[in-house]
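> Got a structure for you, written out below as structure tokens; questions coming shortly.
The values are calculated or read from the model by the stated rules, or taken from the named source; none is laboratory data. Quick caveat, the model's predicted, so the values are computed rather than measured. Glycine also receives a Cβ, built like all others from the backbone with ideal geometry; neighbour counts cover every protein chain displayed. Accessible surface areas use protein heavy atoms only, side chains included; no ligands, DNA or RNA. Shrake-Rupley method; radii C 1.70, N 1.55, O 1.52, S 1.80 Å.
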Amino acid sequence: MWKEVLHLHEFLLAEVTRLKQTGLYRKMDVFEPAAAVRVHCGGRNCLMFASNNYLGLTHHPAVKEAAVAATMAFGTGSGGARLTVGNHLLYDRLEDALAGFKATEAALVFGSGFLANIGVISALIGAEGVVFSDELNHASIIDGCRLARARVLTYRHRDTRDLAAKLAAVGCGGPRLIITDGVFSMDGDIAPLDVIVDLAKRHNALVMVDDAHATGVIGPGGRGTAAYYGVEEQVHIQAGTLSKALAAEGGFIAGSALLVEYLRNKARSFIFSTALAPAVVAAAHTALQLLAADASIIAGLRENTLFLRQSLREAGLKVADGETPIIPVIVGDAAKTVELAGRLYAEGIIVSAVRPPSVPEGTSRLRITVSAAHTRDELAAAARLIVRAAKTLGIGEES
Ligand SMILES: *Cc1c(COP(=O)(O)O)cnc(C)c1O
């Protein structure tokens, strides 16, 4: 027994040391949010450019009030899984609203987006199925495929020719499912869903899109990637999260009533996990209502996105083309990326340094996210500081 403990200690120490030496070590800072894009950290006021709080609704008075009211009325925890005693009455309303928003027959809320993805993939696809998966899909999709024990064919990022070739080459006895992120979390680019649904039809495959970063962000009214391309009818499964633009927590699957009925009975991450707290469900529902009622919220996000993208690019930084609020500034080297983010942090600007394994080797980057809650002055100040810090480190000159 004691020997095993010593082995474990040596193993852990070696691995942690290796991570530190290769610039891949991760630590967590403590943030004290003061407003949607303002946080206290290390005794200073900082501007947040790393959150997925795209619409700034985490601090909207109506959203906060809904969470408080739900807690006062129904308590803090749900006390059980949905199928036992956790299905409080706020759930039905949220699921109806999500189905309406996504223009599907039904929706099912899970404890998180991660749980929704692993739940739906493993419930639908078994060892006899094949999944065609974009190489940059989110970790929860990759893990969902592993859990399903499905055969997985990874196609090159957004490469519909590669996808078509793989669809043509590989048949199977079971279902074939194409899965893609709608908006890719690290690159901020949009999946070519219009071409993907055509390929799916031609090759008799199902289509699932993960709209974690697209819900409340792209498409008319922020309805996501299928709405962006007008192909809602041809997407069988739409996944999303309540934790990003919708300012709360939890994930969901939207699709046919029969799909939702099936998942309620078969998705293990739904069945064996406690229902979300009333406060969270109420907050997400209120955020969704605000989004539907006030078009200026999304318009503000789009204007802010355009402004920051343009400011950075005009200053010579290497910013990939795109229209989403996820703005990658490619640096390349992992250690240099961390250094740049650290300098910005010292100046009160919080951006993410994204390194392997989140992105491929040699493509480490700052991941800058815009919120509708940023003011024009805040965006301009951040752009100046980012550009100055990058130039000091010799980043961006070549582009
Ligand atoms: C964030 C994210 C998830 C997971 O959602 P959570 O609610 O945070 O668990 C799934 N897919 C993608 C693409 C994401 O970005």
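> In whole Å, what is the distance between the alpha-carbon centres of the stretch 192-212 and the stretch 151-168?
Here the two parts' Cα centres lie 11 Å apart.
> Provide the FRET efficiency to the nearest 0.05 for the Lys27-Glu261 pair, computing r from the beta carbons and using R0 = 45 Å.
Using R0 = 45 Å, I get an efficiency of 0.55.
> When the chain is fully extended, how far beyond the present Cα-Cα distance does Ala127 get from Asp96, taking 0.36 nm per residue of separation?
7.9 nm
> Might you tell me the accessible area per residue for the stretch 62-147, computed with a 1.4 Å probe and given in Å²?
43 Å²
> Ok, one more. Which trypsin sites (Lys or Arg not before Pro) does the stretch 56-155 hold that lie in a coil by DSSP with at most 13 other beta carbons within 10 Å?
When the trypsin sites (Lys or Arg not before Pro) of the stretch 56-155 are filtered for loop state and at most 13 Cβ neighbours within 10 Å, Arg149 remain.
> Run the helix sum for the chain: -39,500 (n - 2.57) per DSSP H stretch of 4+ residues, divided by residue count, reported at 222 nm to the nearest 500 deg cm²/dmol.
-13500 deg cm²/dmol
> I've got another one for you. Cα-Cα over 32 Å: which of Lys64/Lys391; Lys64/Lys201; Lys166/Lys391; Lys20/Lys244; Lys27/Lys391?
Lys64/Lys391; Lys64/Lys201; Lys166/Lys391
> Still on this structure, I have one more. Treating only the Cβ of Lys, Arg, Asp and Glu as charged (+1, +1, -1, -1), what charge dipole size does the chain show about its Cα centre? Round to the nearest 20 debye.
Magnitude of the dipole: close to 620 debye.
> Mind grabbing the accessible area of Phe31 for me, 1.4 Å probe, Å², rounded to tens?
Approximately 80 Å² for this residue.
> In the stretch 266-341, which chymotrypsin sites (Phe, Trp or Tyr not before Pro) are in a loop and have at most 11 other Cβ atoms within 10 Å, using DSSP for the loop call?
Here the sparse-neighbourhood loop sites are Phe272.
> So, one more: Describe numerically, in nm with one decimal, the distance between label points set 7 Å from Cα along Cα→Cβ at Ala62 and at Arg388.
The modelled label-to-label distance comes out at 3.9 nm.
> A further question on this structure: Taking a ≥ b ≥ c as the square roots of the eigenvalues of the Cα gyration tensor of the chain, is the shape rounded (a/c under 1.5), prolate (a/b larger than b/c) or oblate?
Taking the square roots of the gyration eigenvalues as a ≥ b ≥ c, the chain is rounded.
> Once R0 is set to 41 Å, what does the formula 1/(1 + (r/R0)^6) return for the Cβ-Cβ distance between Ala381 and Val85, expressed as a FRET efficiency to the nearest 0.05?
So, using R0 = 41 Å, E works out to roughly 0.25.
> Report the charge-dipole magnitude of the stretch 101-162 in Debye, nearest 20, computed about the Cα centre from +1 at each Lys and Arg Cβ and -1 at each Asp and Glu Cβ.
40 debye
> Another question, then. Suppose R0 equals 45 Å. What FRET efficiency, 1/(1 + (r/R0)^6) with r the Cβ-Cβ distance, do Arg149 and Asp294 give to the nearest 0.05?
It comes out at approximately 0.50.
> Quick check for me: using +1 on Lys/Arg Cβ and -1 on Asp/Glu Cβ, what's the dipole size of the stretch 269-338 about its Cα centre, in debye to the nearest 20?
140 debye
> Now, a different point. Report Rg(Cα)/(2.2 N^0.38 Å) for the stretch 279-399, keeping two decimals.
For the stretch 279-399, the normalised Cα radius of gyration comes out at 1.17.
> Specify which residue in the list Phe110, Gly43, Ala248 is farthest towards the positive end of the charge dipole of the chain, using unit charges on the beta carbon of Lys, Arg (+1) and Asp, Glu (-1), about the Cα centre.
In the chain, that residue is Gly43.
> Still on this structure: Need one number: % antiparallel among DSSP beta bridges in the chain, to the nearest 5.
60 percent
> Whole Å is fine, so just give me how far the alpha carbon centre of the stretch 257-302 lies from that of the stretch 29-48.
Centre-to-centre distance over Cα atoms comes out at 27 Å.
> Please report the carbon-and-sulfur percent of the accessible area for the chain; probe 1.4 Å, protein heavy atoms only, DNA, RNA and ligands left out.
For the chain, the apolar C and S fraction of the accessible surface comes to 55 percent.
> How big is the stretch 30-178 by the Kirkwood estimate over distinct Cα pairs, in Å?
Result for the stretch 30-178 stands at 19.1 Å.
> While we're here: Find the Rg to Rh ratio for the stretch 109-266, where Rh is the Kirkwood radius over alpha-carbon pairs and Rg uses the same atoms.
Using only Cα positions, Rg/Rh for the stretch 109-266 is 0.93.
> Relative contact order for the stretch 260-399: what is it in percent, counting Cα pairs under 8 Å that are at least 6 residues apart?
It rounds to 25 percent for the stretch 260-399.
> Mind jotting down a quarter of the surface of the convex hull over the alpha carbons of the stretch 188-288, in square nanometres, one decimal?
7.1 nm²
> Just need the relative contact order of the chain here, percent rounded to a whole number, with Cα pairs under 8 Å and 6+ apart.
22 percent.
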